[in-house]
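Student: Starting off with a structure, shown below.
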Amino acid sequence: MAGLELLSDQGYRLDGRKATELRKVQARTSVFAQADGSAYLEQGNTKALAVVYGPHETRGSRSKSLHDRAVINCQFSMATFSTAERKRRPHGDRKSSEMSLHLKQTFEAAVLTELYPRSQIDIYVKILQADGGNYSACVNAATLALVDAGIPMRDYVCACTAGFVEDTPLADLCHAEESGGGTSLALALLPRSGNIALLQMDARLHQDHLDALIEAAMTACKGLSKVLDDVVRQHLEEVSVLTRD
Amino acid sequence: MLKSKTFVKKTRAGGVLKIVREHYLRDDIWCGSEVCKECKDEAPVLQEDACIESNLCSYPHYLIPDTNVLLHQIDILEHTLIRNVIILQTVLQEVRHRSAPVYKRIKDAIHEKEKHFYTFTNEHHRETFIEREPGESANDRNDRAIRVAAKWYADHLTKNTNGGSLKVVLLTDDRANKEKAEQYGLTVYRCEEYIKSLIGNPELVDRLALKPDDQNEIIGSKLLFPEHLPLSRIQSGIKNGGLLQGTFHANRDNYLEGTVFINREGEDINEVLLQGLQNLNRAVHQDVVAVELFPKERWVAPSSVVLQDDSPNDEDAEEDETENKLKGVPPDSSVLKPTGRVVGVIKRNWRPYCGMLSQSMIKEATRHLFTPADRRIPRIRIETRQAANLAGQRIMVAIDGWPKNSRYPNGHFVKNLGTAGDKETETEVLLLEHDVPHLPFSPAVLSFLPKMPWSITEEDMKVRADLRHLCVCSVDPPGCTDIDDALHCRELENGNLEVGVHIADVSHFIRPGNALDQEAASRGTTVYLCGKRIDMVPELLSSNLCSLRSNVERLAFSCIWEMNHNAEIIKTRFTKSVINSKASLTYAEAQMKIDDTTMNDDITKSLRGLNRLAKILKGRRTEKGALTLSSPEVRFHIDSETHDPIDLQTKELKETNSMVEEFMLLANISVAQKIYDEFSECALLRKHPSPPPSNYDILIKAAKSKDLDIHTDSAKALADSLNNATVRNFPYFNTLLRILATRCMMQAVYFCSGMDSDFHHYGLASPIYTHFTSPIRRYADIIVHRLLAVAINADSTYPELMDKHKQSSLCNNLNYRHKMAQYAQRASVAFHTQLFFKNKGIINEEGFILFVRKNAIIILIPKFGMEGTVFFENKDKPSPRLKFDSEGPTLEVEEHTFHMFDKVKVTISVDASNIQHQRIRMALIEPVIPGVSVPVPESEPVAKKAKLDC
Ligand SMILES: [Zn+2]
């Protein structure tokens, strides 16, 4: 049986998007009252929940704390029901640890940690439903949660994936596209400065294609930053309406 | 952004997995029509004046075929008359799942601008997307989607043409669908109804594929074949080992027999024999089928009889006796093969077939049997009203289906190729049957050619070595226009020699990935037929810009060695260059210059140097065990590496032939080493595996019969024993032996170095080898050029070049094309040989027995370099007493015993009784065996020098 046709001759992808179009993004901040900051984000069918605590005193051993900046602690997990195949996911398996580490690196580049020496910021992210681009959804959700918690950052961190299908870069891959072969990369961008916080790619890619792919991912990230910005502003408006009287 | 679009979730349940996919609906998908004012389509495809003259629709209209019409009537849709067709995404996706070949063809049609085929992405259009209703089957849902899209078009066009006359016509052969569409207010016709209403093209009607509905009328109700199992049962059968999956190969000589090659590794059985129509169960050559194995007591031996399905074209006189024809063969228990029957077809691999019509006995009949040229394909029943016109014509026919109550598959007429026996027609048939792409290059391909007038630019000069001052010349067969190699040799100041091989720089003109490159990659090789050349690249390149003609500046890729006078390489250098050849010589001219002691110009000196070095190189190569093999096709110059005849004109080999060849081999080996060193994972190389020892059995036996030993443990041993194998008073013996040795060899193949570990080239006795020297006529060389260019930093790389899987699949295509080109070449020679003998009438000639078979001897006529068979069994004569001994091998016919290499005299004539399969017939004159041999023809024609009229 023929595999899926990822990009039709008319330029439409499996789900009807064009090559550069993103999936529909919906997000809400302050979803939990207890946490210092929280956000729920849907990027197509990928759904992520992010919760932020801190900055607070370093828990556990003192030795972990840094005298000149805050420590960022990230924990990533996936819900048992998040993928098509139901699977028990032990806490801290190799994949999750790797993802946690990537998130930590991403946010260390964005959060102004030097403002909070000897303290700690906790970011917990959970994927509730996975349909491609887990990392990007986590980053975007966590960004919103950090904003919600009022932690100062250099800029929004926006992440997006991009992949290659027959010489055309596709932005924001869904699961079918990710598993349909071809190389994909995940990129986290600080849109205003254009600095890259993290770039990750697992498979081989020819050098000639790299620039085009990064370009596509960056454009997508910039698109996302607008959406995130709108979410934050809208939330602010709602809150200010509530607190006006 | 997608904010404005609503979206619907589409759930697809399969097994236990629940897959949830997003499905976006858009409002920016245009209708694609020129007339529409609402849609903002920049380049509308569908014409305003969409006129196909029809009795049913007198207004301009667009056609919307449903899935089954597209699948079965693709031959109609491809016709130039059919234009302005809307292909719905729903239809296209269904076709994609059901038939890859049809999908490819419809995509080609969509890409063709003149066809005005438009793909409407209805599944993502906000107004045409529908959800599957509870209880609705997937098929019904798709039919409804097609109707909804058609309705949308009807309304949309009426609205936007201000009540103009433009309409859409839905074509469907499904009765229920048609009724529903009519209720829905659509213009809908059956495909047949619509095609028959067309004015001025009766030929189209013949292209109509027969539908299951109609088939009942044609055939009797008698069930002839067992039912095929449904796919689900086949799959579970294969999984639990009850059934085997494999590719069906029909037997060329016996239509009641075939073999299924099991393509799964780890099975102990890799071939299953099938005998009888019932057990073949409608499998057609190359189909992927599921077979059920019989218990051991029902296993049979392959019959060695020749059976051809030549029963008269009488519809229902189904021969029940056919099954009995096989039973007459006494089983020999030692050769019983696993036997079974086909229980289902997993994938049909039907293609359009060339052949001829056998007219029905009934004069007015419209149903006729079609006999394909390929004897492995069964006859096909077609319906046509132009039978009288098609008599004696080569035609093309496609199979539509093979119902279980029909003796033959049903098909339809595709096109007429021309009069049978006509040189043009036969060449066309030959090309089609061997899958040689031979259509003129498309405008898209031609658009990537350099613009004329072309000249070498400053830019080119900057990055290339300027070798215009060197005394370079080319040596080729006479009349050669695609010169891809040139040579030079000069003495250096330090006393060493500098030898250069300069190859046309084709990869400079053919850039990776463009249409020109893709076309060349698909063609793979230039095909040389008698008097015709099918180019791999357009003529502007092959015969002009890339051809290294004399006294013009040309771009080249040069391989330059510094050698001492012992032909030992001191230094190798590769560079892109510019050369200016001083002379284009033929082999004979070059030979003359070398031999003429009075000539002392630069070219001659260069040639003499090359010749001297070549002899040393050749000696060294032979010492290592390179084989010199023979082919009986004496008319041809034989490429020592591929054993392909590469040239039709040269009849005698000169020293200069082997001089050029020697340096080409050296260049190929040097380049192979370089690209492998640089790219160990993705170098494109060529290997020639050593044959399994059993291949040599016949050679050893044959030599034994003359009391000679042939050692085959190494190439070197073989070469030596061949050199020593001579028989007194029989000078041709050695050549015969070499011809036999050639037949024992394996095929040389291209491969990707990252996918294989055995690189050895047996015939050339070289540990590594590739093709670098003929980029004009072989695509492999273009890839090798690109690799080498990257290795020396002369060109940039691209992803596919470094991908070993992509390169491996390219190699598969190249190997396939080379094989088919070789077969086509042989078929072309055979056809021209027949023409030659047809004109001469019956002649007699001396020959040697090359092989001895059970009921025949195969004879080689050295004078014409051709082979023929003398059969001792004849349909209309009682067979003589035959006794075959496989040890000798010898064949006893009455009182005479035939051995290999016996000298015989035969008559040669052309048997034209079967116009599709004309062949050379030989009959024995000497030795005289009463009742078997024939008398010497009365008027003995004057022996003329063999010359082909091609
Ligand atoms: Zn429109």
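The values are calculated or read from the model by the stated rules, or taken from the named source; none is laboratory data. Not measured: the values here are computed from a predicted model. Positions of Cβ are backbone-derived with ideal geometry, glycine not excepted, and every protein chain shown enters the neighbour counts. For accessibility, only protein heavy atoms count, side chains too; no ligands or nucleic acids. Shrake-Rupley method; radii C 1.70, N 1.55, O 1.52, S 1.80 Å.
Student: At most 16 other Cβ atoms within 10 Å and a DSSP loop assignment: could you name the GluC sites (Glu not before Pro) in the stretch B:662-759 that fit?
Tutor: B:Glu681
Student: Oh, and also: At most 15 other C-beta atoms within 10 Å and a DSSP loop state: those are the exposed chymotrypsin sites (Phe, Trp or Tyr not before Pro) I care about. Give me the longest piece of chain A that has none.
Tutor: A:82-245
Student: Let me ask something additional. Tell me the mean residue ellipticity at 222 nm calculated for the protein assembly as shown from its helices only (DSSP H runs of n ≥ 4, each -39500 (n - 2.57), averaged over every residue, nearest 500).
Tutor: About -9000 deg cm²/dmol.
Student: Same structure again: Considering only Cα-Cα distances, which of the following residue pairs are longer than 30 Å: B:Lys576/B:Lys615; A:Lys104/B:Lys804; B:Lys115/B:Lys178; B:Lys571/B:Lys624?
Tutor: The pairs that break the limit, which is 30 Å between Cα atoms, are A:Lys104/B:Lys804.
Student: How fast does the stretch B:841-926 diffuse by Stokes-Einstein, in µm²/s, taking the Kirkwood radius from C-alpha pairs at 4 °C and 1.567 mPa s?
Tutor: Translational diffusion coefficient: 97 µm²/s.
Student: Shape call for the stretch B:12-131 from the C-alpha gyration tensor, a ≥ b ≥ c root eigenvalues: rounded (a/c under 1.5), prolate (a/b greater than b/c) or oblate?
Tutor: Since a/c reaches 1.5 but b/c is at least a/b, the shape of the stretch B:12-131 is classed as oblate.
Student: Continuing with the same structure: What GluC sites (Glu not before Pro) does the stretch B:471-568 have in DSSP loop regions with at most 15 other beta carbons within 10 Å?
Tutor: Passing both the DSSP loop test and the Cβ count: B:Glu493, B:Glu568.
Student: Another question, if that's okay. Give me the mean projected area, in nm² to one decimal, of the convex hull enclosing the Cα positions of the stretch A:25-243.
Tutor: 13.0 nm²
Student: With an 8 Å Cα cut-off and a minimum separation of 6 or more residues, compute the relative contact order for chain A in percent.
Tutor: 21 percent
Student: Using a 1.4 angstrom probe on heavy atoms only, work out the carbon and sulfur share of the accessible area of the protein assembly as shown in %.
Tutor: Of all accessible area on the protein assembly as shown, carbon and sulfur atoms account for 50 percent.
Student: Ok, one more. Please report how many Lys pairs in the stretch B:841-926 have alpha carbons closer than 26 angstrom, counting only residues at least 8 apart along the chain or sitting on separate chains.
Tutor: 13
Student: Sticking with this structure for a sec: When the C-alpha atoms of chain B are aligned to their principal axes, what extent does each axis show, in angstrom, from largest down?
Tutor: Each principal axis gives a Cα extent; for chain B these are 93, 80, 58 Å.
Student: Would you calculate the volume per residue, in Å³, of the smallest convex hull containing every Cα atom of the stretch A:1-138?
Tutor: Normalising the Cα hull of the stretch A:1-138 by residue number yields 144 Å³.
Student: Cα-based Rg (one decimal) and Dmax (whole number) for the stretch B:662-776, in Å?
Tutor: Rg and Dmax of the stretch B:662-776, Cα atoms, are 17.0, 54 Å.
Student: Something else: Amide H to amide H under 5 Å from A:Cys74: which residues, 5+ apart in sequence or cross-chain, H placed 1.01 Å off N in plane?
Tutor: Residues meeting the amide H criterion: A:Ile123.
Student: Let me ask something else about it. Round to the nearest 10 and give me the degree value, 0 to 90, for the angle of helix B:779-791's Cα axis relative to the longest principal axis of chain B.
Tutor: 80 degrees
Student: OK, next. May I ask for the equivalent-ellipsoid semi-axes of the protein assembly as shown, computed as the square root of five times each C-alpha gyration tensor eigenvalue and listed largest first in whole Å?
Tutor: They are 61, 44, 30 Å, listed largest first.
Student: Between B:Ala583 and residues 5 or more places away or on another chain, which pairs have amide H atoms under 5 Å apart, with H built 1.01 Å from N, and which residues are they?
Tutor: Residues meeting the criterion, in which the H sits 1.01 Å from N, are B:Ser474, B:Asn551.
Student: Let me know the shape class of the stretch B:351-427, please: from the alpha-carbon gyration tensor, a ≥ b ≥ c as square roots of the eigenvalues, rounded when a/c is under 1.5, otherwise prolate if a/b is greater than b/c, or oblate.
Tutor: Verdict is oblate for the stretch B:351-427.
Student: Over the Cα atoms of the stretch B:432-475, what Rg and Dmax result, in angstrom?
Tutor: Computed over the Cα atoms of the stretch B:432-475, radius of gyration and Dmax are 17.8, 48 Å.
Student: Name the residues whose placed amide hydrogens come within less than 5 Å of the amide hydrogen of B:Gly344, ignoring near sequence neighbours (fewer than 5 apart) on the same chain.
Tutor: When sequence neighbours closer than 5 places are left aside, the close amide H contacts are B:Leu229, B:Ala290.
Student: Could you derive backbone 3J(HN,Hα) for the stretch B:63-70 from the dihedral phi with the Karplus parameters 6.51, -1.76 and 1.60 (θ = phi - 60°), listing whole Hz in sequence and x where the residue is Gly or Pro?
Tutor: Karplus values, whole Hz, x for Gly and Pro: 9, 10, x, 8, 4, 5, 5, 5.
Student: Measuring with a 1.4 Å probe in the full set of protein chains, what accessible area per residue, in whole Å², belongs to the stretch B:351-427?
Tutor: Here the residues of the stretch B:351-427 average 37 Å² of exposed surface.
Student: At a probe of 1.4 Å, how much accessible area disappears from chains B and A on forming the pair, both sides counted, to the nearest 100 Å²?
Tutor: Interface area, both chains combined: 2600 Å², rounded to the nearest 100.
Student: Viscosity 0.692 mPa s, temperature 37 °C: Stokes-Einstein D of the stretch B:6-208 from its Kirkwood Cα radius, in µm² per second?
Tutor: Estimated diffusion coefficient is 186 µm²/s.
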